[in-house]
Structure formats: structure tokens, C-alpha cells
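J.: Attaching a single structure in C-alpha cells format; questions to follow.
The values are calculated or read from the model by the stated rules, or taken from the named source; none is laboratory data. As the structure is a computational prediction, the values presented were derived from the model and not from experiment. No Cβ is skipped: glycine too gets one built from the backbone with ideal geometry, and neighbour counts run over all protein chains shown. Areas reflect the complete protein model, heavy atoms only, side chains present, ligands, DNA and RNA absent. Shrake-Rupley method; radii C 1.70, N 1.55, O 1.52, S 1.80 Å.
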Amino acid sequence: MSLANVYHVRRVADTSAKACLICYKPSTSVMITPDNKDFFYVCPAHLQDRHFCSPIIDTEGQAACAKEEAMAKEIEKVKKEYEEKQRRKKERENESKSKDDKDEKDKSKEKSKDKEKSKVSNTNDEKERDEKIASIQKGTEPETKADDSPRIFALHKNFYQMRIDRLRNIEIAKRSQERLKSSSLFPSVPSRNP
């Protein structure tokens, strides 16, 4: 039976915690092979132990993280450019508003109030739109991981051999149970008269 010495760390719910392979304390971290042939529970502290296992550096995962960081920077850059454009637009509106106010002193107060209400509603619409954009961008930004520890490990030779021996013993026990259940293992009863 060949078993690759590559184990991925997975987390389970607190209610599913089981005894650690090393210290027998309840643990929610599980080390599992990619083909799901072998798994065992282990404490996160043991993952830091250099005599138990060593991390395998995931270059693809690091490349994906770098892409996510680049995307986050690009989003931030576009967001700043958009805010700058909106600020300039508001400044222009304020300048034109002051010019319009000088020209419109002769007009009635009701018309000026209507225009101000429409401008206020336009700025309110812009603010709402800006808030929606900001909320959408917050939702699309990648969440920072609280745990930046490695996810893929290789067991050291003694622990790896222990896992292989365990799986081999399980396989042998299954085969012996099957042999005991089959009728060809025991001799048959004589059919002739003595």
C-alpha cells in the first residue's frame, strides 16, 4: 500500500473535536491525505514542532495570494481616482452654483428653492451611489486570514512509518476477517460412511 507523505491541515467544528494523536487532548485540527486514505487529529502546537512534521511550501497558493493582493491594490487605486473625480465635480458645481446665485438674485425665491432642492437631491443621490459602490467593494475585497500558518505538511519518517504500519495492520485484519467468514478456509464434513 503506497501512501504519499503529504498531509493537508483542515479545521473541524468544536463539537467534532477528537483526541490528538500525540497528546490525546481534544483537537479541532485534522491532518488528511489528498486522496482521503488516512487522517488523524493533531493539536496546532504540534504542527510547529520540527520533529513531528515540516511544512511544504505551496508556490501556487503564494501566487494566488499575490494576485489577490494586486487586485486589492488596483481596487483601492480605482476607488481613490473615483473619489477624486467626485470631489472635483462637486467643486465645479459649487463654483457654478455661486455664479448662478449672483445671476438669479432677480428671480423669485420659489424658483431658487426648487433648484436648491433638486441639487440637494442630486448630491444625495450621488452620496447614496457612492455608499453602494463602497459597500460592494467592501464585499469583494479578500478577507485577511487570521491564520497564516502553512496548510500542507510532510510527516517525519518515524511518524510516517507509524501511519503506514497502522494502515497495513487494518488491511491485514480485514483480510483475515474475510477469510474467517468464507467457508473454504475450514475442511468440509466427510460425506462417506466410515
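J.: Quick one: is A66 among the aliphatic types (A, V, I, L, M) and either over 17 Å from the mean Cα position of the chain (by Cα) or at pLDDT 90 or above (or both)?
T.: Answer is no for this residue.
J.: Collect the residues in the range 1-24 that are among the hydrophobic types (A, V, I, L, M, F, W, C) and open to solvent by 70 Å² or more (accessible area, probe 1.4 Å), keeping them in residue-number order.
T.: Once the filter is applied, which keeps residues that are among the hydrophobic types (A, V, I, L, M, F, W, C) and open to solvent by 70 Å² or more (accessible area, probe 1.4 Å), the range 1-24 yields only M1.
J.: Looking at (1) under 30 Å from E128 (Cβ atoms); (2) open to solvent by 100 Å² or more (accessible area, probe 1.4 Å); (3) not hydroxyl-bearing (S, T, Y), which is the only condition E93 fails?
T.: All conditions pass for E93, except number (2).
J.: For E143, which of the numbered conditions (1) at pLDDT 65 or above; (2) closer than 30 Å to C53 by Cβ fails to hold?
T.: Of everything listed in (1) at pLDDT 65 or above; (2) closer than 30 Å to C53 by Cβ, E143 misses just condition (1).
J.: Find all pairs meeting these conditions: Cβ atoms under 8 angstrom apart; at least six residues apart or on different chains; first residue within the range 14-25 and within 12 Å of F39 (Cα to Cα); second residue of a type in the set (A, V, I, L, M) and not in a helix (DSSP H, G or I).
T.: That search, which allows pairs on different chains as well, returns C20/V42; L21/V42.
J.: To continue, here is another question. If I go through the range 45-74 residue by residue, how many of them are assigned to a loop (DSSP other than H, G, I, E, B), aliphatic (A, V, I, L, M) and loosely packed, with under 11 Cβ neighbours inside 10 Å?
T.: 1
J.: Could you check how many residues of the range 25-44 are hydrophobic (A, V, I, L, M, F, W, C), open to solvent by 40 Å² or more (accessible area, probe 1.4 Å) and either part of a loop (DSSP other than H, G, I, E, B) or modelled with pLDDT under 90 (or both)?
T.: 0
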